[in-house]
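The values are calculated or read from the model by the stated rules, or taken from the named source; none is laboratory data. Here the structure is a predicted model, which is why all the values come from computation and not from measurement. Virtual Cβ from ideal backbone geometry, glycine too; neighbours counted across all protein chains shown.
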Amino acid sequence: MNEYIVPVAMIIVTIAVPFIVNLVKKQEWSTNAKRWLAVGVSLLAGLATGALSGAPTAATLVTWTLSVIGGVQVAYSLFKSVGVTSNWLDALEGVTSKPVD
């Protein structure tokens, strides 16, 4: 099963996400439907990105979590570029590693 994780994750991140973004862009769906699809696909891409680094362990939990957040943000940035936004995912863009004054 482990030999399939990387290829499936790569397919999701490199092929499926841009295809779904383009599909959303061309549809006449409600804004709410587009937003939830973007959130769901972004989370799926994030989990796929995390899967590329392997299953999380106590030693790799922070790295895995940052990989998932990074994958979510990359996928969501594609959705945002075509006008689909979400307050929850927009808030992730404000997360920094240094204290805010």
Item to complete: Determine, yes or no, whether A45 is under 23 Å from M10 (Cα atoms), part of a loop (DSSP other than H, G, I, E, B) and small (G, A, S).
Response: no
Discussion item. I'd like to check something: does segment 42-52 contain any residue that is of a type outside the set (V, I, T), closer than 27 Å to N87 by Cβ and touching a residue at least 60 places away in the same chain (Cβ under 8 Å)?
Written reply: no
Worksheet item: Which pairs have Cβ atoms under 8 Å, sit 6 or more apart or on different chains, and link a residue in segment 76-89 that is touching a residue at least 12 places away in the same chain (Cβ under 8 Å) and of a type in the set (S, T, Y) to one that is assigned to a loop (DSSP other than H, G, I, E, B) and surrounded by 13 or more Cβ atoms within 10 Å (Cβ to Cβ)?
Response: Y76/S86
Discussion item. With the structure loaded, tell me whether L44 is surrounded by 12 or more Cβ atoms within 10 Å (Cβ to Cβ) and either at pLDDT 80 or above or not aliphatic (A, V, I, L, M) (or both) or whether it fails that test.
Written reply: yes
